[in-house]
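A short worksheet on the structure shown next.
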Amino acid sequence: MTGAIPNPQFLKFRKYLEQEGFCLLVNTKFKEIVLYNWVSKATEPLSVLPIRFKRWDAAKSDATGITDYIKCSLELVSGEVFVPNAGRYITSHGSTWVNIHNPFQTSSGSCEVSPLFLELFERLFPVEEERHVCVQWMADIVQNPEHRPSWHLMLSSAPGTGKGFLFHNILTPILQHTHLVKDYDGLMGKHSVALAHNLLILLDDAKTSSDSMETKLKSALSEPRVAIEPKHEMPRMVDTYARVILASNELRPLRLDKDERRWYVPQRIEHRVSLEETANFISQIAAWLEEPESLGKVYNYFKTYSLEGFNRKYVNQTETLKEMIGMSESPIEGFLSAYLDDEPVFTYNGIQDALAAEGYNKQKDSYLKRLLNEAGYTNGRFKRNSLTLWHPKSLAKDQALAKFDTTASRL
């Protein structure tokens, strides 16, 4: 084909393939180059190209050479990336990746949403100030998808109040890149790409009592980059743009620290009248959303919603969050707080004995040491009698030993 002018139909066929989402893919999963559709995720051998061309070409041109032409002209990629507000193909270090971000398209210029739509937010977020913050957070996804906030939404509610409807019927159609997970492995499991390929993730009533999982979750919520290992691909670090909504029917979905700033928690959502009345209301707004241009109006509503005063890096603690933090303190944590006031420097056996004296079961080392670390304590070994003492990190060793010597109650 060198120097030859390609069949004009070949060029039109290539443009057709591009418009439909096709490119060429090469990676360790496949022994040879394949035809890949980044929209449907389907792969096909290149041997289908002559057949595809003949079925597409109404002029019934000669298909000889079509495979070689497409191999030389269609974009060749190593895999997928997700980068909002960027081009379709992104080249880095000599490799090209197909950008699977696909923004919502609307022909509507109106942002006049139904009063039902506004009422839904009044029902979900009855406190006006909290409603404004939550709507700003959602509007920021539409207006600035490439800038991820460091805080996310935690919605506690009675069953059937509409938080799932908000995600599935409103946010998912206009954001297009959303994902529902039922457990933390779905979010942070070894081969999960949820944080890498989405704008919004709904953690639906996920539960954990694992300290290590909660630590991983904190990192996933606040770090701008995440490690991913898609199946059949090499592990790598990628930017994440995913916001998270944690939805739960529990009064306190997670154990929360006193200085918690990763979650914004509006007032718990309750039914305005009853479950039946809420269901009837939701059916009305669902009917409005089915009308032509309704989703376009919703998109434009978020696109034009004022972000004045919105801070992606900081948000105030709500009263509901403070209540959850209060519920997060276990009896052991309450005991520990009082114990540290009385004995700021102590041995590890000493605190375990004190717990036993108060009638508590022996605590797991990992749990108790985590609480001590969170309280600002560290441990150090002292030459005298080979003592190992726990003391505030702010205290030097000689100061810690002096305090221990003057403590009236110690073993």
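The values are calculated or read from the model by the stated rules, or taken from the named source; none is laboratory data. Small disclaimer: the values here were computed from a predicted structure and weren't measured. Reconstructed Cβ throughout: ideal geometry from the backbone, glycine too, with neighbour counts over all protein chains shown.
Close contacts from segment 61-86, counting a first residue that is free of Cβ contacts under 8 Å to residues at least 40 places away in the same chain and a second that is surrounded by fewer than 16 Cβ atoms within 10 Å (Cβ to Cβ) and basic (Lys, Arg), with Cβ to Cβ under 9 Å and a gap of 6+ residues or different chains, come to Ala63/Lys54.
Taking the criterion of being farther than 17 Å from Ile170 by Cα, of a type in the set (D, E, K, R) and assigned to a helix (DSSP H, G or I), would at least one residue in segment 258-265 satisfy it?
The answer is no, given that none of the residues of segment 258-265 is farther than 17 Å from Ile170 by Cα, of a type in the set (D, E, K, R) and assigned to a helix (DSSP H, G or I).
Selection of first residues in segment 245-258 that are under 22 Å from Ala375 (Cα atoms) and of second residues that are not hydrophobic (A, V, I, L, M, F, W, C), restricted to Cβ pairs under 6 Å at least 6 apart or on distinct chains, gives the following pairs, ordered by first then second residue: Arg255/Ser328; Leu256/Ser328. The residues listed here are His147, His93; of these, the one that is out of contact with any Ser or Thr (no Cβ under 9 Å at 6 or more places or on another chain) and modelled with pLDDT under 95 is His93. Taken over segment 163-185, the residue count meeting the criterion of being part of a loop (DSSP other than H, G, I, E, B), in contact with a Phe, Trp or Tyr (Cβ under 8 Å, 6 or more places away or on another chain) and within 26 Å of Arg255 (Cα to Cα) is 0.
Would you mind stating whether Val34 is of a type outside the set (Ser, Thr, Tyr), in contact with a Gly (Cβ under 7 Å, 6 or more places away or on another chain) and within 30 Å of Thr240 (Cβ to Cβ)?
It is false that Val34 is of a type outside the set (Ser, Thr, Tyr), in contact with a Gly (Cβ under 7 Å, 6 or more places away or on another chain) and within 30 Å of Thr240 (Cβ to Cβ).
Strands (runs of 3 or more DSSP E) fully within segment 59-158 that include at least 1 residues being among the aliphatic types (A, V, I, L, M), touching a strand residue (DSSP E or B) at 6+ places or on another chain (Cβ under 7 Å) and closer than 17 Å to Ala196 by Cα: 89-92, 95-99. Exactly one condition in (1) farther than 28 Å from Thr91 by Cβ; (2) crowded, with 20+ Cβ neighbours inside 10 Å; (3) charged (D, E, K, R) is false for Asp185; which is it? Failing condition for Asp185: (2). Against the numbered list (1) in contact (Cβ under 8 Å) with a residue 40 or more places away in the chain; (2) among the β-branched types (Val, Ile, Thr); (3) not assigned by TED's automatic domain parsing to the domain that holds Ala402, Val273 comes up short only at (1).
Among the hydroxyl-bearing types (Ser, Thr, Tyr), within 20 Å of the chain's Cα centre (by Cα) and at negative phi: is that true of Thr318 in this structure? Criteria not met by Thr318.
Looking at segment 144-170 only, could you name the residues that are closer than 15 Å to Ile282 by Cβ and among the aliphatic types (A, V, I, L, M)?
We begin by selecting, within segment 144-170, every residue closer than 15 Å to Ile282 by Cβ; these are 157-170.
Of everything in segment 144-170, those that are closer than 15 Å to Ile282 by Cβ and among the aliphatic types (A, V, I, L, M) turn out to be Ala158, Leu166, Ile170.
Counting only helices (runs of 4 or more DSSP H) that sit completely within segment 296-411, those holding 2 or more residues that are touching a residue at least 60 places away in the same chain (Cβ under 8 Å) correspond to 319-328, 348-357, 365-374.
The residues of segment 287-328 that are exposed (fewer than 13 other Cβ atoms within 10 Å of the Cβ), of a type outside the set (D, E, K, R) and within 20 Å of Glu112 (Cα to Cα), listed by number, are Ala287, Pro292, Thr304, Ser306. Is one or more of the residues making up segment 107-126 out of contact with any helix residue (DSSP H, G or I) (no Cβ under 9 Å at 6 or more places or on another chain), over 23 Å from Ser294 (Cα atoms), surrounded by fewer than 17 Cβ atoms within 10 Å (Cβ to Cβ) and in contact (Cβ under 8 Å) with a residue 40 or more places away in the chain? Yes, some residue in segment 107-126 is out of contact with any helix residue (DSSP H, G or I) (no Cβ under 9 Å at 6 or more places or on another chain), over 23 Å from Ser294 (Cα atoms), surrounded by fewer than 17 Cβ atoms within 10 Å (Cβ to Cβ) and in contact (Cβ under 8 Å) with a residue 40 or more places away in the chain.
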